[in-house]
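Note sheet for the following structure.
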Amino acid sequence: MKQSLTFLLVLIAISLFTQCAPVKKAKQAERNAETVRLWFEEGWNHNRNEELIPIVFHPEWSDGNPIRADQTIGIDGIKQMVKFYKEAFPDAHFTITHIFADEKHAAIRYEVDATHYGDAFGIPATGKKFTSTGVVLYDMKDGKIYRTWQELDLMGIINQLRD
């Protein structure tokens, strides 16, 4: 009887332990998706980038495909990137079409509408509106964005600005 009770308790402990790990992973995945959503919806669309940068980005953040060869890493680097986009496209509005996350990563696909008010991609300000799409992949660390890789339809943007 005592052996049966011990065996039952061990089975219950194993069951609880193995169920906790997937729940923790799912909760972290939800937090990662929410971090990315917050960055786009509140940071970009509601102009709260400066306030959200230390909340959303890891102090060691880096860009996997930087817009400039001399782009700085860390909080100063993301501030430089935001400044570039805000000067070139201050009215940019993002619509999230897809968002995926697991416990270590997040990915987002977006549509963007913006006006070209500042120099960007080697093109002086045109005042033209454009629409585009993009995908950003994120490595997450400590619940924050640690590394980014952005793929956008740069040729589509350039063609709209030159037409």
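A few remarks follow.
- Flag for D63 being surrounded by 13 or more Cβ atoms within 10 Å (Cβ to Cβ), acidic (D, E) and at pLDDT below 95: yes
- E151 in contact with a strand residue (DSSP E or B) (Cβ under 9 Å, 6 or more places away or on another chain) and closer than 18 Å to H46 by Cβ: no
- Verdict on L152 being of a type outside the set (D, E, K, R), out of contact with any Lys or Arg (no Cβ under 8 Å at 6 or more places or on another chain) and at pLDDT below 95: yes
- Hits in region 66-87 (condition: buried (at least 17 other Cβ atoms within 10 Å of the Cβ) and among the basic types (K, R)): K86
- Count of region 138-163 residues which are among the polar types (S, T, N, Q) and more than 21 Å from the chain's Cα centre (by Cα): 2
- Here region 31-53 is the region considered, the condition is being part of a helix (DSSP H, G or I) and without any contact (Cβ under 8 Å) to a residue 12 or more places away in the chain, and the residue that is surrounded by the most Cβ atoms within 10 Å (Cβ to Cβ) is E42.
The values are calculated or read from the model by the stated rules, or taken from the named source; none is laboratory data. The model shown is predicted, which means the values in this text are computed figures rather than measured ones. Because the Cβ atoms are built from the backbone with ideal geometry, glycine has one as well, and the counts that use them run over all protein chains shown.
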